[in-house]
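Take a look at the structure below.
The values are calculated or read from the model by the stated rules, or taken from the named source; none is laboratory data. Everything numeric here is computed off the predicted structure, so don't read it as measured data. Cβ sites come from the backbone with ideal geometry, for glycine too, and all protein chains shown count toward neighbours. Just the protein is used for accessible areas: all its heavy atoms, side chains included, with ligands, DNA and RNA removed. Shrake-Rupley method; radii C 1.70, N 1.55, O 1.52, S 1.80 Å.
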Amino acid sequence: MNMMLRLCCLLLVLAGPVQSFAQGGEAKRRSPFSEYPYVAPQVFVYERELFTQYKGVSVVRANVSDFETRSRIGIVAITPKVSAYLDRIDNSVHGPSSFEITDLKTGALIGKFDLGLVPESAELLFTGQSNVYLHHVPTSVCFGSVTRKFVLTGKRLVETQQAIAYLNADADIFGDIKLFSRTEISGAVVATVQEGARVTVLGIAPDSVALNPSRGQSLPTLLIKTPLGLTGWYVPSRSGGEQAGVTITQCN
């Protein structure tokens with residue numbers, strides 16, 4: 001069984017957790033924003049004064065395609081001097097749905113955020129001091145949720161790249177694989193892990209976080225901890241052949 005077929009089988013096994021994660025109670029327990037005021041569905045703020053509920057005319061058809069609808073959630077302070085409309089765009093055909101943030105004065109788009117694979121679990125946190133945080137399920141690997149940070153830079157919210165998207169999953173090795181010190185081609189070999197070893201997948205490389213594996217695509221680049229406690233990158237194109245790879249067995 002080659003590497004891609006193993007992952008496809010794994011994703012079928014993991015289809016169940018998507019439904020449970022989408023349930024309101026489960027999503028609420030997992031939220032990293034729960035200590036802050038909850039001012040609207042899927043929206044948190046540092047202080048309630050940063051958010052005002054929208055009570056104007058309907059914008060359901062404003063600047064959307066025929067298979068999309070727009071819901072205006074409210075007005076939120078991005079900084080003490082910049083306020084913006086917060087809209088949710090729902091795509092009824094092929095997705096993804098998204099949040100849109102537009103400048104209250106100019107109408108210019110400040111940021112657009114994908115709601116991910118489980119749209120109802122996506123959440124935003126506004127600090128009122130240039131920072132906006134998005135917590136969602138962006139990848140099909142373990143359906144792991146991640147938090148991403150965006151900072152108002154000029155007139156746009158720009159993402160702050162993190163070292164990894166944290167995952168924390170148990171996995172088994174099939175075939176022998178090599179783990180590298182870096183994801184780039186210059187990375188040295190940290191460890192060789194033999195078939196049958198149980199390892200921990202700590203996270204996914206940022207450039208792999210939005211990957212939905214299918215035929216012809218690579219598996220994500222994974223940060224792995226070995227049974228001896230060493231850490232290194234599993235890089236699909238270099239870590240092993242078609243008969244070697246990683247099978248995630250438990251999403252923690």
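Between ASP170 and GLU35, the distance separating the two model label sites (each 7 Å from Cα on the Cα→Cβ line) works out to 3.0 nm. Each label point was placed 7 Å from the Cα along the Cα-to-Cβ direction; for SER130 and ARG198 their separation is 4.7 nm.
If you take the square roots of the eigenvalues of the alpha-carbon gyration tensor of segment 49-89 and sort them as a ≥ b ≥ c, do you get rounded (a/c under 1.5), prolate (a/b over b/c) or oblate? Taking the square roots of the gyration eigenvalues as a ≥ b ≥ c, segment 49-89 is prolate. Legend: residues ASP176, ASP87, ASP114, ASP66, sorted from most to least accessible area (1.4 Å probe; ligands, DNA and RNA excluded), read ASP66, ASP176, ASP114, ASP87. Only protein heavy atoms count here; on that basis, with a 1.4 Å probe, GLU35 has an accessible area of about 150 Å². Partner lysines whose Cα lies under 30 Å from the Cα of LYS178, excluding those fewer than 8 positions away in the same chain, are identified as LYS225. Per-residue surface analysis assigns SER92 an accessible area of about 100 Å², computed on protein heavy atoms at 1.4 Å probe radius. For LYS105, which lysines qualify as cross-link partners when the Cα separation must be under 22 Å and same-chain residues fewer than eight apart are set aside? Partners found: LYS55, LYS81, LYS155. A straight chain from THR106 to GLN53 at 0.36 nm per residue would run longer than the Cα-Cα distance by 17.1 nm.
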